[in-house]
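Everything on this sheet refers to the single structure shown next.
The values are calculated or read from the model by the stated rules, or taken from the named source; none is laboratory data. Keep in mind that this is a model prediction, so the values were computed, not measured. Every residue, glycine as well, gets a Cβ built from its backbone with ideal geometry; the counts of neighbours run over all protein chains shown. Keep in mind that these areas ignore ligands, DNA and RNA; they rest on the heavy atoms of the full protein, side chains included. Shrake-Rupley method; radii C 1.70, N 1.55, O 1.52, S 1.80 Å.
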Amino acid sequence: MLIEMPRHTEIFGSVKIHEVQRILKIDSGGFTNPRARDIPFDEIKDVLGRFAVIVPVKDEKIHLLDGVLRAIPFDCSVIVVSNSQREAPDIYKMEEDVVKNLHDLTQQEILIVHQKDPDLGFAFYDAGYDCLLDRDTVVRDGKAEGMIIGMLLAKSLGKDFIGFADADNYIPGSVREYVLDYAAGFCMAESPYSMVRLHWRYKPKVVEDKLYFKKWGRVSETTNKYLNLLISTCAGFETRVVITGNAGEHALTTKLADILGYSTGYSIEPYHFVYLFDQFGLGAEIITDTDTDAANAGIEIFQIETLNPHIHEEKGEEHVTNMLLGSLQTIYHSKLCNDYVRSKVLEEMGDIMKWDQPKENVIMPPIGKIDAQKFVTLLERTAKTFARFERGAIESESKVETKTDLKEESV
Ligand code: GDD
């Protein structure tokens, strides 16, 4: 792969944010030059073998999920965390069928679990991580909650890199590219605490019966503006380095996943920045040993512009407004947010704010202390919706026989 070198890196305390890098060629020829870095495919393949891709899904069209799963490179493990409907028509059952069929045909390693499985909730309770549970000890709704489940499963597989791919993507080829872009980012990383965030080249919309290749969405444009304002006012130098505030498509090293705090729902992505600024930014007070290690190594953020455009399901205006609210709330409550930034954020929230003051998003602490093996052993023993289809098993059904039986009883 041939990828542009970043023109500049913004250093904010221990956080290094690289300016956007364009993908010049997905399959390159080994030609290096000062403006671009060639990453040989065997290096990318090495990363893919240590990579789990998590697909959070909630009631998406089954054809879209099928395309996304088939696009993820074989060397990666795939983890589907579903919060889809269980009442008839049981969408989760359809998703399980797609997963099982894909495994039968390809032998790729795939794990699947339902977010509302009561035994999954119990496993979190048992692990002492009950911040994502509701009153009935079941995991709450929310994409972030699904992502945390996926990250624990990835850790139990011993993976070094964890990435995410939304299930509502219409272009399987773009999903394949996203995963390769993640891997390329990790090949360039110098710190074991690094993250790769994707910036879609275009997000096409239909405008007056024609496709319009739009570059910026309302939510990301606004989120980026205020994240940049946060850094600019703290550092005293204006910057526009952040362009991936809402990057749903992102990946991180497991070492970084272990020390990050997470915000609920869709505010998880902008909160990555806010957490890192609060914890490791300019003037932050480093307290724990693990944080000292990360602060010394530096936390590296790559922002890669994809070659493919992103075409996905549109979920409507209210959904977009809620996403924007979640992002702005997160920035408003940053430790680094001064009165000036707060007043600007409040102005921006104007009519869309539903409360007198911006609410605080629910924050979930780092997952590093959870024993992922114990967590998954408990799931394997108890959770009816949990299935693990191993890579290259000769009898593809053998591993999940008893689970499948159990599942059929529960449908
Ligand atoms: N497991 C799980 N649980 N998955 C969920 C849930 C949930 O409660 N809610 C949504 N998802 C899944 C969706 O099915 C989809 O695969 C993915 O999470 C993203 O959700 P969408 O509702 O499609 O979000 P979006 O497309 O509007 O926004 C995406 O892009 C934004 C950047 O533009 C998301 O990835 C955002 O997080 C991101 O900020």
Taking only protein heavy atoms and a 1.4 Å probe, what accessible area per residue, in Å², does the chain have with all protein chains in place? 44 Å²
Please list, by residue number, every one of the chymotrypsin sites (Phe, Trp or Tyr not before Pro) in the stretch 3-80 that is coil in DSSP and has at most 11 other beta-carbon atoms within 10 Å. F31
Rounded to the nearest 0.05, FRET efficiency between N101 and A235 (Cβ-Cβ, R0 41 Å) equals 0.20
Considering only protein heavy atoms and a 1.4 Å probe, what is the carbon-and-sulfur percentage of the accessible area of the stretch 245-382? 50 percent
In what sequence, highest mean first, do 16-23, 339-346, 319-326 appear when ranked by Cβ atoms within 10 angstrom? 16-23, 319-326, 339-346
Kindly express, to the nearest 10 degrees and within the range 0 to 90, the angle between helix 268-280's C-alpha long axis and the longest C-alpha principal axis of the chain. 60 degrees
State the extension gain, in nm to one decimal, for the chain segment bounded by K354 and I11, taking 0.36 nm per residue of separation less the distance between their alpha-carbons. 119.9 nm
Relative contact order of the chain, pairs being alpha-carbon contacts under 8 Å that are 6 or more residues apart, as %: 23 percent
Rounded to 10°, Cα long-axis angle of helix 172-188 versus longest principal axis of the chain: 60 degrees
The chain - share of DSSP beta bridges that are antiparallel (%, nearest 5): 50 percent
By accessible area (1.4 Å), largest first, I148, I287 order as I287, I148
Could you order the peptides 202-209, 229-236 from most to least packed, using the average number of other C-beta atoms within 10 Å per residue? 229-236, 202-209
With a 1.4 angstrom probe the carbon and sulfur portion of accessible area for the stretch 190-240, in percent, totals 53 percent
Quick check: the distance between the Cα centres of the stretch 96-143 and the stretch 359-377, to the nearest angstrom? 14 Å
Any idea what the dipole of the stretch 113-251 comes to, in debye rounded to 20, about its Cα centre with Lys/Arg Cβ at +1 and Asp/Glu Cβ at -1? 660 debye
Relative to the longest principal axis of the C-alpha atoms of the chain, give the angle of the C-alpha long axis of helix 91-106, reported between 0 and 90° and rounded to the nearest 10°. 80 degrees
Can you give the local net charge around L153? Use residues other than it whose beta-carbon is closer than 10 angstrom to its beta-carbon, Lys and Arg +1, Asp and Glu -1. +3
State the extension gain, in nm to one decimal, for the chain segment bounded by I62 and W216, taking 0.36 nm per residue of separation less the distance between their alpha-carbons. 52.7 nm
Using alpha carbon centers only, the stretch 1-68 is separated from the stretch 249-318 by a whole-angstrom value of 16 Å
Modelled label reach - Q373, point 7 Å along Cα→Cβ, the stretch 139-154 residues with backbone N closer than 19 Å: 151-154
Sort the stretch 86-156 into rounded, prolate or oblate with this rule: let a ≥ b ≥ c be the square roots of the eigenvalues of the Cα gyration tensor; rounded if a/c is under 1.5, and if a/c is not under 1.5, prolate when a/b is larger than b/c, oblate otherwise. oblate
Could you sort C337, C131 by their accessible area in this structure, using a 1.4 Å probe and putting the largest first? C131, C337
Reduced to Cα centres, the span from the stretch 218-235 to the stretch 173-215 in Å works out to 20 Å
Report the extension gain between L282 and D42 in nm, rounded to one decimal, defined as 0.36 nm multiplied by the number of residues separating them, less their alpha carbon distance. 82.7 nm
Give me the net charge of A297's neighbourhood, meaning all other residues with Cβ under 14 Å from the Cβ of A297; Lys, Arg count +1, Asp, Glu -1. -4
